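Presented below is the structure to which this report refers.
What follows is calculated from the coordinates using simple rules that are stated; it is not laboratory data. Just so we're clear, the structure is a prediction, and the values are computed from it rather than from any experiment. Don't worry about glycine lacking a Cβ; one is built from the backbone with ideal geometry, like all the others, and counts go over all protein chains shown.
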Amino acid sequence: MSKKIFYPATERNKPHILKVLQNHLNETQPGNLLEIASGTGQHVSFFAPHFPSIQFQPSEYDGSLLKSIKAFIEDTATKNIRPPLEIDVTTKSKTWNLPVEKFDYLLNVNMVHISPYKCTEGLFQNAGDVLKDDGLMIMYGPYANNGVIEPQSNIDFDRGLRSQNPEWGLRDIEDLKVLADKVGIKLLKVYDLPSNNKCLVWVKIAY
Ligand SMILES: C[S@@+](CC[C@H](N)C(=O)[O-])C[C@H]1O[C@@H](n2cnc3c(N)ncnc32)[C@H](O)[C@@H]1O
């Protein structure tokens, strides 16, 4: 029996995220992409064949999902996905056994609002360490902006998350900018995507 797990939301959002990746990933240059919180592996197996020059490194905090990620990798036509690593983003990247020291790209989808804030902090701190100069971090999800959550469906979603776990909830782009600033990362572009989600594209500044 297939070990693949399918999240419906991930199936729905993957073509929209792909368009953003196609705007920012260099399809002609060799490169390395690290995904934090790969979930089931649906995203990495869908994205990787579009970028054969880029090596994708999936990772997941929940060890029970690694079998699903591996099953997706096995069925991917291209061979540019490395075996998944078990990574807790609140730990230091030097303990992660990464295959390369620095990455061109970091991808993080639908994690920061469904995990404690220390995961958001860990994501930015580690992005500062693992991204090359001029490297990009691409995040996807629903966000607050300057204290405002829009529309009502996102307000309701935020309330629902916080009632499930008081440490969860939509993150504010202004707070993310503060975390980013501490590690030399700047917000490059914000994409408004369907279902009131956004892609945030961050760049590590070369000093
Ligand atoms: C809603 S799922 C999104 C999964 C996948 N990115 C997707 O879009 O299908 C949230 C993910 O955040 C991960 N997560 C929670 N805490 C984490 C941590 N401390 N470090 C890394 N990932 C974490 C969960 O294991 C889960 O895979």
- [ ] Treating only the Cβ atoms of Lys and Arg (+1) and Asp and Glu (-1) as charged, compute the dipole magnitude of the chain about its Cα centre; round to the nearest 20 debye.
- [x] 300
TODO: Compute the relative contact order of the chain as a whole-number percentage, counting only Cα pairs closer than 8 Å that sit 6 or more residues apart in sequence.
DONE: 18
- [ ] Mind telling me which of Glu121, Glu35, Glu167 comes out most flexible in a GNM of the chain, alpha-carbon contacts under 10 Å?
- [x] Glu167
- [ ] Quick one: of Lys4/Lys70; Lys118/Lys186; Lys19/Lys182; Lys92/Lys182; Lys4/Lys67; Lys79/Lys198, which pairs are farther than 18 Å apart, Cα to Cα?
- [x] Lys118/Lys186; Lys19/Lys182; Lys79/Lys198
Task: Relative intensity, log₁₀ I(q)/I(0), of the chain from a Debye sum that treats every alpha carbon as a point, q = 0.08, 0.14, 0.15 Å⁻¹ - done: -0.25, -0.81, -0.94
Task: Gain upon complete extension [Lys177, His50; 0.36 nm per residue less C-alpha separation] - done: 42.7 nm
TODO: Note down the nm distance, to one decimal, between modelled labels 7 Å out along Cα→Cβ at Glu27 and at Asp133.
DONE: 2.9
TODO: Any chance you could get the radius of gyration and Dmax over the Cα atoms of region 1-47, in Å?
DONE: 12.2, 38
Open item on the list: Suppose we keep just the DSSP beta bridges with both residues in region 8-204; what percent of those would be antiparallel, to 5?
Closed with: 45
Task: Highest average packing first - 25-31, 124-130, Cβ atoms within 10 Å - done: 124-130, 25-31
